[in-house]
Every structure is written in C-alpha cells, then in structure tokens.
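Chemist: So that we are looking at the same thing, I have put the structure below in structure tokens.
Every number here is computed from the coordinates shown, using simple stated rules; none is lab data. For clarity, every value in this text was computed on a predicted model and none was experimentally measured. Methodologically, a virtual Cβ is constructed for each residue, glycine included, from the backbone with ideal geometry; neighbour enumeration extends over all protein chains shown.
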Amino acid sequence: MPQSARNTAAAGSSDASSDTPKEKDRLRFVICGAAGGGKSTLLKCLLDESRTALEDSPQSDRELGIAVDVTWRHFETDKRKFMAADAPGHEQDTGTVAMGAASADLAVILVDARTGIPTQTRFHSQIVALMGVPQVVLAVNKMDLAGYAQSVFEAIAEEYAAFAHELGIENVHAIPLSALTGENVRAGRGAMSWYAGPTLMEALEGADPESDPARGSFRLPVQRVDRSDPDSRGLVGTIASGRGDVIADRNQPPAAADQFAAHLLWLDKSAMLPGRTYAIRIGTASGTAQITDLVHRVDVDSLRHLAAKTLERDEVGYCKLALDQRVAFDPHTENRRTGAFVLIDKFTGATAGVGVIHFPLRRATNVVWQPTRVDRAARAYAKGQMPRLLWITGLPAAGKSTVADRLEQKLHAAGVHTYLLDGDNVRHGLNRDLGFTEQDRVENVRRVAEVAKLMVDAGLVVIVSMISPFRSERRMARDLVSEGEFVEIFVDTPLAVCESRDPKGLYKRARAAELINFTGIDSPYEPPEAAEIVLKGGEEDPDTLADRVVDYLNVNRTIPPDAS
C-alpha cells in the first residue's frame with residue numbers, strides 16, 4: 001500500500017474501526033560531524049534507548065545514483081520508527097555524508113564541546129544545506145568534559161546558528177548532552193538543570209518527517225514499461241511526491257530543459273573540468289553533461305563566493321550544465337528527489353559529483369534546432385564519399401602534423417573532399433584565448449571537436465591533428481558523430497624519440513622548467529586503449545604511415561568505388 005494510503009487509513013475514516021492502531025511513521029536522519037566527535041557512541045546510546053532494534057541495511061542511494069554505500073540503522077520507540085545513518089567524519093567519506101543527507105528528514109550535527117565548530121563540521125553542514133535537509137539538531141557532545149558549563153554550550157550554539165543562517169538553515173535546535181553518560185540523550189540530568197529543552201530522543205520523536213511522498217505535486221519517475229499483458233501496458237516506478245520519463249500532474253508539470261543552473265559538490269580525486277563530458281543521472285533519466293560555466297566556488301569557512309576555474313575534491317561550486325537531451329526535473333527546493341542529480345566518470349564509473357538543481361536556463365527554451373531539408377547524406381552523396389572524422393593523437397613531436405599533411409595530400413589527389421584542423425593552427429584564431437592548463441586543454445579539444453562535427457555534417461573527411469591528451473575528450477569527440485564515422489589514429493612514438501626530435505625546442509624548455517603543463521613531462525598523456533589505427537612513428541617514414549591510413553579508409557569504404 002502506498003505511504004499516503006497507509007497514513008490516511010491510520011488516521012481513521014468514517015468506516016475504519018476505532019480499535020485499529022495507528023501505524024507509526026518513520027523518520028530518516030543522518031548523524032554527522034568531525035571524526036572523534038562521538039557519533040558512534042551517540043548512536044549506540046540511541047539504540048540502547050529504543051524498544052526494538054532491527055537489522056541494519058547497507059545500501060546505495062539508487063534514486064540519486066550515488067555509488068557509495070551507507071549503513072542505515074533501523075530502530076523504533078513507542079512513538080516512532082527510525083532509520084539512522086552514521087556518516088563517517090573523515091574527509092574521504094564525503095560521499096557517504098551526501099548520500100545520507102540526500103534522503104534524510106533531519107540531520108544531527110555533532111560537535112565536541114571542547115573544540116567548538118571545526119572546518120569539517122562546517123563542511124558537513126554545507127552538504128546538509130545543499131541536499132536540502134529541512135531540520136538540524138546541533139548536538140553539543142561531551143559536556144561532561146567541559147564541566148557542564150552553560151556558557152560553553154551557549155557560545156557554540158550562537159556561533160552555529162549564525163553559520164547555519166548564512167547557509168539558509170533556519171530550523172536548528174541545539175541540545176547539550178553527553179553521549180557517554182546518556183545525559184540529555186535519553187533523559188535530563190541535574191548537572192545541566194539550566195537546560196529546559198527536549199532531550200535528543202524527544203526531539204527526534206517530535207520532528208516532522210518532511211520526506212513523506214504524499215507531499216508536493218505528483219511525480220512518478222518511470223523506471224520501465226511493463227508489457228506482460230498483451231492487452232495493456234503498465235508504467236513502473238517509485239512515487240517521488242503527491243523523469244527518463246515522468247508522469248506528473250498536468251496542472252503542475254515539472255520543468256523540461258537541457259540546460260540548468262545547479263549547486264555542485266565535487267567528490268572525485270580528479271578535478272572537475274568545465275567542458276569535460278560526464279555521465280549524468282537525474283531520477284531515471286541518464287545521458288551526458290558538460291559543466292559549461294563555473295560561476296564560483298564556495299569557501300567552506302567564510303561561505304564567500306570565490307572565483308575559480310575548476311573544483312577540487314570536497315569543494316562546492318555554483319555552475320551551469322548542458323545536457324545532450326531534454327530531461328524533466330524540479331528545482332531542488334520544490335522536490336528533493338526530482339531536483340537532484342549525480343555526475344559519473346565515464347571511464348571509471350565512479351561517482352564524480354552530486355548536485356541540486358536551482359533553475360532551468362532561459363537559453364534552453366529560447367534556442368531551438370532549426371530543421372533543414374539538405375542533410376548529411378545528401379551532402380556526402382554530392383561529394384561521392386562517406387564522411388569521416390580522422391582524429392590523429394600522440395605526444396608532442398610524435399609526427400602527427402606531418403602524417404596529417406601527407407594524408408590530406410594523398411586523399412586530395414584521390415578526389416576526396418577534405419579539411420585539416422591542426423592543433424597549432426587553430427590556436428592562431430578559434431582558440432587563441434586558451435592556454436595550456438588542464439581545463440584549457442579540455443576546452444581546446446571541445447571547440448575543435450564541435451567544428452569537426454559541423455564539417456563532417458557537411459560531408460567532408462575531416463582530419464584533426466592535435467595532442468588531445470585525455471581519453472575523456474577524445475571519447476567526447478567520438479560521441480559527437482555517428483557510429484563508424486570516427487577513426488582514432490594513434491601515432492605511437494616513444495617519448496625518447498619525440499624528445500630527440502624536439503623541432504620547436506619545447507622539450508628542452510620543459511626539462512629546464514621554463515615551460516609548465518607540457519604533455520609528456522609534467523602533464524599526463526593518456527594513450528588510446530582501442531584506437532582503430534596505431535602508427536609506429538619511430539619506425540616508419542611519414543609517407544608509409546599515411547599510406548596505412550589510406551588503406552584503412554579504402555577497406556572501410558570511405559571512398560566508395562562508385563559514387564553515382
């Protein structure tokens with residue numbers, strides 16, 4: 001039975017028996033704070049207080065798509081059922097904190113009365129605010145080791161309230177306690193008679209479960225279509241409130257766009273790079289996304305907005321994203337489930353970041369694709385050839401440009417309509433504003449790939465010769481064109497051979513630390529793992545290498561034997 005139906009039945013209706021016991025509701029909460037603050041001790045104290053402790057359930061957040069496991073502890077008292085997540089306080093466990101907060105009704109922020117509010121606690125609070133947890137209990141622990149001093153408690157509570165207000169967390173209740181002795185966890189004690197508020201257990205029992213799916217406009221993210229009955233079909237999913245595709249209230253539909261602004265928490269050890277392509281999941285929808293603009297990052301202590309070009313691990317920023325398709329979503333402030341997303345590294349499968357949607361970008365609705373009657377097939381037919389994107393990659397001085405030039409000459413002589421985009425040449429115009437930082441290299445490849453896509457659409461055989469050091473961006477370029485049109489050509493020349501050639505003297509300058517971010521020396525090159533063509537640049541001359549590419553293209557019918 002749906003949760004909303006159970007609640008209605010439990011509340012009692014005209015034909016329900018008055019003897020039917022009211023079913024307890026459930027509160028999901030996460031306990032977080034800096035390592036050593038006493039979270040495990042506090043959770044044990046709560047479990048000892050409960051009448052029934054049920055078995056734990058390790059799980060991943062399947063709705064949000066976070067590939068991180070967290071253990072939910074199930075227990076109940078006479079008044080309520082609980083699911084509690086103990087989020088580790090170590091920096092490497094940020095994903096667990098985010099996952100626990102993603103579906104929590106309440107967060108218990110635990111601080112040590114002797115140390116106050118450390119940076120890690122501020123960061124956890126920032127995650128709690130980002131994930132939209134509506135209620136916070138500030139548990140000032142180890143009051144016994146602080147002499148039960150009221151002044152200590154009040155100073156911490158006041159400092160945290162001010163910080164929480166800047167985060168947008170208004171519903172904060174502070175409780176002084178000792179998890180070790182149970183004071184103000186289960187029952188009040190005389191040592192803190194100056195505190196007249198509820199114990200922690202009383203606060204949890206009285207909290208409002210905001211995650212009730214009956215609240216809000218109806219949303220049903222569709223997970224699959226059930227066709228088991230030949231005469232009908234069913235749509236299967238989890239009611240998010242009351243997307244792929246989303247069934248929604250037609251009077252209150254979700255937004256549908258391929259671009260939006262969002263707050264992003266970065267989790268990957270590799271920095272977030274604007275322009276890089278990541279897999280994205282929003283509810284049951286999946287696709288690819290790029291961060292098109294990092295507006296700012298947020299300083300964890302001061303909450304100031306700082307200029308930034310990238311996000312490192314455990315940093316939060318405000319950014320704009322572009323997707324490869326329109327998806328349905330709600331602003332996170334309206335629906336926490338349909339307003340959250342996860343970014344995934346396309347090569348490792350690891351969760352790279354989690355975010356919450358602020359609003360759809362107006363540009364997403366102002367710009368639409370203008371259909372035209374002359375398409376790629378017609379353009380290719382007029383030229384008597386099959387379009388291709390020949391992507392030549394390799395280390396600096398591997399021989400890419402020379403091979404590309406010889407290849408174009410041979411194809412041109414055979415009557416093939418070509419265009420060569422050389423990495424150095426495009427930096428004189430299209431990419432003259434870009435440097436050689438990692439993020440600039442990503443943007444450099446993105447722009448060239450988009451231009452190459454247009455040229456392939458024009459029916460050309462496009463030759464791109466550039467280092468393009470990262471697999472992710474070469475994969476992005478491949479995904480821009482149709483299946484079979486992308487040919488990755490790896491000029492596999494050993495570093496020692498490249499360095500011995502050094503026609504521009506760049507290796508020498510890089511070794512002397514006069515150049516930074518030079519590929520092969522202090523910036524990485526990720527060789528292709530499954531290139532269509534591998535050329536041994538240190539073993540054969542450029543004409544022979546170019547001939548090998550021509551042979552491949554002939555075999556794969558880039559130049560049709562009969563274009564008529």
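Chemist: If packing is taken as the mean number of other Cβ atoms within 10 Å per residue, what is the order of 318-330, 387-399, 146-158, 165-177, highest first?
Modeler: Per-residue mean Cβ counts within 10 Å order the peptides as 387-399, 318-330, 165-177, 146-158.
Chemist: Read phi for every residue in the stretch 165-170 and hand back ³J(HN,Hα) as whole Hz from Karplus 6.51 cos²θ - 1.76 cosθ + 1.60, θ = phi - 60°, with x for Gly and Pro.
Modeler: 4, 5, 7, x, 8, 9
Chemist: A further question follows. Using every alpha carbon pair in the stretch 257-363, what percent of pairs falls into each 10 Å bin from 0 up to the bin containing the largest distance?
Modeler: 16, 52, 29, 3
Chemist: Moving on. Going toward the positive end of the dipole of the stretch 376-555, with +1 on Lys and Arg Cβ and -1 on Asp and Glu Cβ, which of Gly399, Ile489, Gly423 do you reach last?
Modeler: Going by the charge dipole, the pick is Gly423.
Chemist: Starting from the Cα-Cα distance between Ile247 and His296, subtract it from 0.36 nm times their residue separation and give me the gain in nm to one decimal.
Modeler: Extending this stretch completely gives an extra 14.2 nm.
Chemist: Also: Under a point-charge model restricted to the Cβ atoms of Lys and Arg (+1) and Asp and Glu (-1), what is the dipole moment magnitude of the stretch 70-135 relative to its Cα centre, in debye to the nearest 20?
Modeler: 160 debye
Chemist: Continuing with this model, one more query. Could you size up the charge dipole of the stretch 260-325 around its Cα centre, putting +1 on the beta carbon of Lys and Arg and -1 on that of Asp and Glu, and report it in debye to the nearest 20?
Modeler: Here the size comes out at about 120 debye.
Chemist: Next question, about the same structure. Among all the lysines, which ones have a C-alpha under 30 Å from Lys410's C-alpha, if same-chain residues fewer than 8 places away are not counted?
Modeler: Lys383, Lys400, Lys453, Lys504, Lys536
Chemist: List the lysines whose Cα lies under 20 Å from the Cα of Lys346, skipping any in the same chain that are fewer than 8 positions away.
Modeler: Lys269, Lys320
Chemist: Rounded, prolate or oblate, given the Cα gyration tensor of the stretch 424-550, with a/c below 1.5 counting as rounded?
Modeler: Because a/c hits 1.5 or more and a/b fails to exceed b/c, the stretch 424-550 counts as oblate.
Chemist: A follow-up question, please. Under a Cβ-Cβ cut-off of 10 Å, what is the net charge of the residues other than Arg80 that fall near it, where Lys and Arg count +1 and Asp and Glu count -1?
Modeler: Its environment carries a net charge of 0.
Chemist: Related question: At 37 °C and a viscosity of 0.692 mPa s, what translational diffusion coefficient does Stokes-Einstein give for the stretch 112-169, taking Rh as the Kirkwood radius over Cα pairs? Give it in µm²/s as a whole number.
Modeler: On the way: Rh = 11.9 Å.
D = 275 µm²/s.
Chemist: If you don't mind, there's one more thing I want to ask. I'd like the distance separating the alpha-carbon centroids of the stretch 470-497 and the stretch 399-453, in whole Å.
Modeler: 13 Å
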